[in-house]
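A short write-up of the structure that comes next.
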Amino acid sequence: MHLHVTTIALTFSDSLTQAGADRYVADHLLVIALVIGVAFLLRRSTILSISGASQFVSVPPGMSHDVPQSHEPSTAGFLIRSLDGLLCAAVVAACSEGAGPQPVPPATVSGVSPNNGPQGGGTAVTITGANFPTTIDSVRVGTGRLSALVPVSGSLLRGTIPASATAGAVDVTVYTSAAGNGTCTGCFTYHVATVTWTSVATGSNHTCGLTSGGSAYCWGYNIDGQLGDGSTTDRWTPVAVSGGLSFQSLTAGFGYTCGLTSGGAAYCWGRNAEGELGDGSTTDRLSPVAVSGGLSFQTLDGGGYHTCGLTSSGAPYCWGWNIAGQLGDGSTTDQLTPVAVSGGLSFQSLIAGGFHTCGVTTGGAAYCFGFNGYGQLGDGSTTDRLTPVAVSGGLSFQTLTAGRQHSCGVTNGGASYCWGLNDSGQLGNGTTVDQLTPVPVSGGLSLQTVTAGERHTCGATSAGTASCWGRNDVGQLGDGSTIIRGLTPVAVSGGLSFQSLSAGAGSNHTCGVTSGGVAYCWGGNSFGALGDGSQTEQNTPVAVVSP
């Protein structure tokens, strides 16, 4: 049977590119050749023409073609005519499947989380949308450019909000060469920072902050009155502590908070079942009450269910739960008011951990006492101590921190060491093996400060760069993940510069204050302890909402 193809005619919209048309025709000629071959074998049809609806490009049997259009690729329509129509449906289906180059779907932006932050910038955000290409040209937030941009997927970007000269809602625009630009109108709101924070203190599930004017605010879990606002209502954003007191420092423990006034008077509020408030009772308090004894303190620190402080002369006192000797008075008897720590040592700092206490003497020597089941006292044993014992190794420390079951310190030279429980890598030495004496934290970082949480630790350099290590199940390391990879220090995302950090002995979240006086938190947020107005865990720093 003789087959004769008279004309093959294709139609393209005015937007088809030359290159696209070349590929399109080549692809379909292969399909057409197959169809003709089938027709020949079946000897039932002769293809007369393949024609389009409006504009024709003739392609003789020699397969030459001429497509003058040069715009974005679009679609083409085909009408297949045969003598008996038996092959029409098959050819149309085959041609439809080989549709050639398709337009790239445009990028769209659907939201930003968190959707607000201070004018000073620095808020780490997640941008959601669709059709984000692997290469993003830039992201604009108002008139500024998002920094630390990380394309996570085709629907997720991360970065850090820039500063803004004005407050209010601004557009967020993702610029791409491959998929155009996508804009979310008014998706991020800059708010005026009405307070300047000087410090923050993290408790087990709550946080408190101190402003430059000495005002205390708290947020998070409040079942025991630990927020001090006269209620037991949880708060997702800062609320003022009742009483109108002006504080110079704050500390937070397991369900309670304490503050030190500028005159050295100590006040506490919240849980008091073990006498940790020091007012001579075991009654919970919903607002601040004075610690009994009339002592004038220079420092205070809250731990598991006990509190310790240094008087102006450096004399150490503790009160509250004493099941393992964490009060250091030589007994295991709970104390409802301050009692002197035995040994006659003069300390420059005293830190209460979960169930143990550590301090640095005026000469830089480290001593610890209390529970020692994991070696957190650092004396080479797992024996509880009812009075201070020297930490082994002869190191001279400038600062110490005590977590739930581990301890860390920074030497005068800036080297960091940790000891005790290490099941989550909270010692930072690259292992999960408990250590009974100090071991250096890996990475060679020169730290100025260090703070220990329940099973994680964080530190900051003199330049304010923060790193964390240890448990990361709820993002408490702040590195943008919840991956258990923190056996050695990882950088906190966002590029913020911190003047102070806090990860309380029972906390699974971390907070810090930047050099500009903005408070940020990250990690667990089940009760609003991050202060960002939500109960959503955050694995990068989010700004605390200004009261």
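The values are calculated or read from the model by the stated rules, or taken from the named source; none is laboratory data. In this text, all values refer to a predicted model and were calculated from it rather than measured experimentally. Neighbour counts run over all protein chains shown; Cβ positions are idealised from the backbone, glycine included.
Determine if segment 366-376 includes at least one residue that is touching a residue at least 60 places away in the same chain (Cβ under 8 Å) and in contact with an Asp or Glu (Cβ under 7 Å, 6 or more places away or on another chain). Checking segment 366-376: at least one residue is touching a residue at least 60 places away in the same chain (Cβ under 8 Å) and in contact with an Asp or Glu (Cβ under 7 Å, 6 or more places away or on another chain). Does segment 277-294 include one or more residues that are farther than 15 Å from Gly255 by Cβ, of a type outside the set (S, T, N, Q), assigned to a loop (DSSP other than H, G, I, E, B) and free of Cβ contacts under 8 Å to residues at least 12 places away in the same chain? Yes, the conditions are met somewhere in segment 277-294.
For (1) in contact (Cβ under 8 Å) with a residue 40 or more places away in the chain; (2) β-branched (Val, Ile, Thr); (3) crowded, with 24+ Cβ neighbours inside 10 Å, each residue gets a yes or a no:
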site	(1), (2), (3)
Gly480	yes, no, no
Thr488	yes, yes, no
Gly512	yes, no, yes
Gly516	yes, no, no
Phe527	yes, no, no
Gly531	yes, no, yes
Glu537	yes, no, no
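What's the total number of residues in segment 295-314 that are in a loop (DSSP other than H, G, I, E, B) and surrounded by 17 or more Cβ atoms within 10 Å (Cβ to Cβ)? Qualifying residue count, segment 295-314: 5. The criterion of at least 1 residues that are among the basic types (Lys, Arg) is met by none of the strands (runs of 3 or more DSSP E) falling completely within segment 475-539.
Of all residues in segment 463-478, which are over 23 Å from Val152 (Cα atoms) and crowded, with 22+ Cβ neighbours inside 10 Å?
The initial filter retains those residues of segment 463-478 that are over 23 Å from Val152 (Cα atoms), namely 463-465, 470.
Answer for segment 463-478, where residues must be over 23 Å from Val152 (Cα atoms) and crowded, with 22+ Cβ neighbours inside 10 Å: just Gly470.
Scanning segment 226-251 for residues that are touching a Phe, Trp or Tyr at 6+ places or on another chain (Cβ under 6 Å) and assigned to a loop (DSSP other than H, G, I, E, B) yields Gln226, Gly228, Asp234. Out of Asp229, Asp224, Asp234, one residue alone is over 26 Å from the mean Cα position of the chain (by Cα) and within 17 Å of Ser507 (Cα to Cα). It is Asp224. The residue list Gly453, Gly494 contains one member that is within 16 Å of Arg404 (Cβ to Cβ) and small (Gly, Ala, Ser), which is Gly453. For segment 149-165, a tally of residues being under 23 Å from Val192 (Cα atoms) and touching a Lys or Arg at 6+ places or on another chain (Cβ under 8 Å) returns 1.
Give me the residue from segment 83-114 that is buried (at least 18 other Cβ atoms within 10 Å of the Cβ) and closer than 30 Å to Gly531 by Cβ and, out of that set, modelled with the lowest pLDDT.
Among those residues, the one meeting the criterion is Pro114.
Number of residues in segment 470-480 that are modelled with pLDDT of 95 or more and out of contact with any Cys (no Cβ under 8 Å at 6 or more places or on another chain): the value is 6.
Working only within segment 348-367, note down all residues that are touching a Ser or Thr at 6+ places or on another chain (Cβ under 9 Å) and under 18 Å from Gly506 (Cα atoms).
Hits for segment 348-367 are Leu350, Ile351, Ala352, Gly353, His356, Cys358.
Do we find that Gly495 is of a type outside the set (Val, Ile, Thr) and either in contact with an Asp or Glu (Cβ under 6 Å, 6 or more places away or on another chain) or at pLDDT below 95 (or both) in this structure? Yes; evaluated as a whole, the condition is true for this residue.
Let's see how each residue does on (1) of a type in the set (S, T, N, Q); (2) closer than 17 Å to Cys511 by Cβ; (3) surrounded by fewer than 24 Cβ atoms within 10 Å (Cβ to Cβ):
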position: Pro238; (1), (2), (3): no, yes, no
position: Trp269; (1), (2), (3): no, no, no
position: Asn272; (1), (2), (3): yes, no, no
position: Glu276; (1), (2), (3): no, no, no
position: Asp284; (1), (2), (3): no, no, yes
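Residue under question is Asn429, and the condition is that it be at pLDDT 95 or above and of a type in the set (S, T, N, Q); does it hold? For Asn429, the condition - at pLDDT 95 or above and of a type in the set (S, T, N, Q) - is met.
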